[in-house]
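The values are calculated or read from the model by the stated rules, or taken from the named source; none is laboratory data. Predicted model only: the values in this text are computed from it and were never measured. Cβ sites come from the backbone with ideal geometry, for glycine too, and all protein chains shown count toward neighbours.
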């Protein structure tokens, strides 16, 4: 059946098939990477790697868990940072505390450190002075260049100097009494000596000689003896009493020597002879012929004073005996 004219409209144009619309990206969901087969190999590898790195679609629960883990990790990192900062502050506080303690120790020990410093300075100065002194002592400037002998009467000073000549050139500080004594021991008339050092190079030896008190005949030869019985050579003209019938070194000789030593020189020169059989019966004969009963050597000084007064008061021409054995009660007998 033919439709009436104008019933059908004009012919419609043919439609092309519609392309599917691109899907809207879901929020929070990453799309898979699209690989272009025409892309170069190196670009394909990069695209695949980037696609693998994207997160696939995840549920709400998975996303929540992931966010919680990330929050925990962040909190853990923060806790570690805080712990490191706390440790750093603790270490700094410990260093500050130690620094303050050292400062306090230095402040409280300042006085003792000053004393120690002064002591070290003094000790160092003394050590330096000692070193300088030792250097000077052993230097040629302080060597012995001259020896003087003083105090000689019967001994010859030149002989003593010759005996000490070995010390010439020796450091002056090393000259000792023992060395000088060894050089002078052969001089029997020398009783003692003292060494004086006169810088820079002079030694003075002051000697004390033995003094004779009696003359004794030994082996048929007259010899002067000192109180110790040391032989001092032949008589030299000094007025000395003669020792009679007394053994040298005996107790009687000791009493005789002690009695003569206690006498003043003027009185001793008036004694012509002296004798004793024991230490308690010393007797003397004066140059005037008068006799003296001395007794023991006890109270010898008082006996010497009493006898001096009695001799001065008596007539030298009158033969008498002075008994001073009891000096508080002297007796003069005709």
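Do we find that residue 162 is without any contact (Cβ under 8 Å) to a residue 24 or more places away in the chain and not assigned by TED's automatic domain parsing to the domain that holds residue 249 in this structure?
yes
I'd like the residue in segment 222-253 that is touching a residue at least 40 places away in the same chain (Cβ under 8 Å) and out of contact with any strand residue (DSSP E or B) (no Cβ under 7 Å at 6 or more places or on another chain) and, out of all such residues, is farthest from residue 274 (Cα to Cα).
236
Check off (1) modelled with pLDDT of 90 or more; (2) on the phi > 0 side of the Ramachandran plot for residue 219 and give me the number that stays unchecked.
Unmet condition: (1).
Pull up segment 131-165, narrow it to residues that are part of a helix (DSSP H, G or I) and closer than 30 Å to residue 234 by Cα, then point me to the one that is nearest to the chain's Cα centre (by Cα).
165
Only one of these conditions is not met by residue 258: (1) over 22 Å from residue 334 (Cα atoms); (2) in contact with a strand residue (DSSP E or B) (Cβ under 8 Å, 6 or more places away or on another chain). Which number is it?
Evaluating residue 258 over (1) over 22 Å from residue 334 (Cα atoms); (2) in contact with a strand residue (DSSP E or B) (Cβ under 8 Å, 6 or more places away or on another chain) leaves (2) as the failure.
Quick one: would you say residue 126 is touching a helix residue (DSSP H, G or I) at 6+ places or on another chain (Cβ under 6 Å) and closer than 30 Å to residue 174 by Cβ?
When the stated conditions are applied, residue 126 does not pass them.
If you go through segment 294-315 one residue at a time, do you hit one that is surrounded by 14 or more Cβ atoms within 10 Å (Cβ to Cβ) and closer than 17 Å to residue 242 by Cα?
Looking for residues that are surrounded by 14 or more Cβ atoms within 10 Å (Cβ to Cβ) and closer than 17 Å to residue 242 by Cα, one finds at least one in segment 294-315, hence yes.
Conditions: (1) farther than 30 Å from residue 298 by Cα; (2) at pLDDT below 90. Residue 238 meets all but one. Number of the miss?
(1)
List the strands (runs of 3 or more DSSP E) inside segment 216-334, counting only whole elements, that have at least 3 residues being within 24 Å of residue 155 (Cα to Cα) and not assigned by TED's automatic domain parsing to the domain that holds residue 190.
Result: 221-225.
If you go through segment 209-222, how many residues are surrounded by fewer than 18 Cβ atoms within 10 Å (Cβ to Cβ) and under 16 Å from residue 240 (Cα atoms)?
Matching residues across segment 209-222 total 5.
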